[in-house]
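As structure tokens, the structure follows; a few thoughts come after it.
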Amino acid sequence: MISKIPATIITGFLGAGKTTLIRHMLQNAQGRRIALIINEFGDLGVDGDILKGCGDETCREEDVMELSNGCICCTVADDFIPTMEKLLAREDRPDHIVIETSGLALPQPLVRAFNWPGISTQVTVDGVVTVVDGKAVTEGRFAHSVAAVDAQRQLDENLDHETPLSELFEDQIACADMIVVNKTDLLEGAEAEALVGTLRESSRSGVQVVTTSMGKLPVDVLLGQGIGAESDLDSRHELHHHHHDHSDEHEHDHHHDHDHDAFESFVVTLGEITDPKAFSDQVSTIIGAHDILRLKGFAAVSGKPMRLTLQAVGPRVETYFDQPFGDTARATRLVVIGQAGLDQAAIEAALKSCAAVH
């Protein structure tokens, strides 16, 4: 059986930072071949020009496909589905598909399209990522320029929903598996913390809220969520009939590099474990207690020649035996990834403690 290609949907208002996030992802793709579908609307292919050629083997020019006939959620059948079918018909299929919606797009109709015959057997929605302009939202707006959002609205003759920006924002949050609060370099620490708290309260249980500036998000955090969002539409409620903001943003290219690393990772090495189920349950508890975004690696299980692969996205932990250790030393090695400020000593102690018991 051919495994399904994972697809990540990236949504958010004009100017939130979607294109910058994607460009950073392509420049740090770690060997993945990524195809982009861009809902470039009303702006002469600005995003396409920004993104084409920035990845070479990662994302060749022919791997960037633009939808320019209007907002993607209003043109799913006429525009998006044929583009997906064309992409899937290629012999050299991508490792991952990333879809950047226009700023006014409702993500729910797009997720629903992945249940379309011919698509559902070949692709799955790895996750929905909603990018938020932290500065604008903190100031009571939803986009850096509401006027720009409204101007793009007027350009789309196919737009079939009129929704207040507040409701569109709520729909984008309701559908998210991860919320990226961008432009936090423009906020005070307390402001960013308060906004993260508000977004956690207003999103579904288990949704990860991360902060960044200039779209700098580790590719291992952005991709590989493994959600299967198309099978979970009921929890991603939509507010009545919406209005979308047709805006694929031009990112303001302010090149002040804030390379205070917003994310960190470290490796914890442990001995053999005896009870994989009890160990993974305890790992899930540790992840929740320390706000860990990702945890992945391998475990040596007593009496088993195969190594146990362990991958966690938030509190969801998946394990499976993948291959023999062979000549490799039998040890448990776990990579922990999270926002800067993780209590490394406490996490290491907790993992070592649970490995000693299990």
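The values are calculated or read from the model by the stated rules, or taken from the named source; none is laboratory data. Nothing here was measured: the structure is a model prediction, and the numbers come from that model. Please note: Cβ atoms are built from the backbone with ideal geometry, for glycine as well, and neighbour counts cover all protein chains shown. These area figures cover heavy atoms from the full protein model, side chains too; ligands, DNA and RNA do not enter into them. Shrake-Rupley method; radii C 1.70, N 1.55, O 1.52, S 1.80 Å.
Against the condition open to solvent by less than 50 Å² (accessible area, probe 1.4 Å) and not hydrophobic (A, V, I, L, M, F, W, C), how does GLY303 come out, does it pass? So GLY303 does not fit the description; no.
Among the residues of the range 178-193, those identified as under 17 Å from GLN339 (Cβ atoms) and either surrounded by 15 or more Cβ atoms within 10 Å (Cβ to Cβ) or in contact (Cβ under 8 Å) with a residue 40 or more places away in the chain (or both) are MET178, ILE179, VAL180, VAL181, ASN182, LYS183, THR184, ASP185, LEU187, GLU191, ALA192.
A quick yes/no check of all residues on (1) β-branched (Val, Ile, Thr); (2) surrounded by fewer than 16 Cβ atoms within 10 Å (Cβ to Cβ); (3) farther than 18 Å from LYS4 by Cα; (4) modelled with pLDDT under 65:
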site: VAL64; (1), (2), (3), (4): yes, no, yes, no
site: CYS73; (1), (2), (3), (4): no, no, yes, yes
site: ASP79; (1), (2), (3), (4): no, no, yes, no
site: LEU87; (1), (2), (3), (4): no, no, no, no
site: VAL132; (1), (2), (3), (4): yes, no, yes, no
site: LYS135; (1), (2), (3), (4): no, no, yes, no
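Being of a type in the set (A, V, I, L, M), over 18 Å from the mean Cα position of the chain (by Cα) and at pLDDT 65 or above: is that true of ILE9 here? It is false that ILE9 is of a type in the set (A, V, I, L, M), over 18 Å from the mean Cα position of the chain (by Cα) and at pLDDT 65 or above. Contact map, the range 101-121: first residue farther than 15 Å from ASP234 by Cα and open to solvent by 10 Å² or more (accessible area, probe 1.4 Å), second residue at pLDDT 85 or above and assigned to a loop (DSSP other than H, G, I, E, B), Cβ cut-off under 8 Å, separation 6 or more or different chains; pairs are THR121/LYS4. A residue that is charged (D, E, K, R), in contact with a Phe, Trp or Tyr (Cβ under 9 Å, 6 or more places away or on another chain) and exposed (fewer than 15 other Cβ atoms within 10 Å of the Cβ) can be found somewhere in the range 318-330.
Name every residue in the range 281-332 that is among the hydrophobic types (A, V, I, L, M, F, W, C) and in a loop (DSSP other than H, G, I, E, B), in order of residue number. ILE292, LEU293, PHE325, ALA329, ALA331 - these are the residues of the range 281-332 that are among the hydrophobic types (A, V, I, L, M, F, W, C) and in a loop (DSSP other than H, G, I, E, B).
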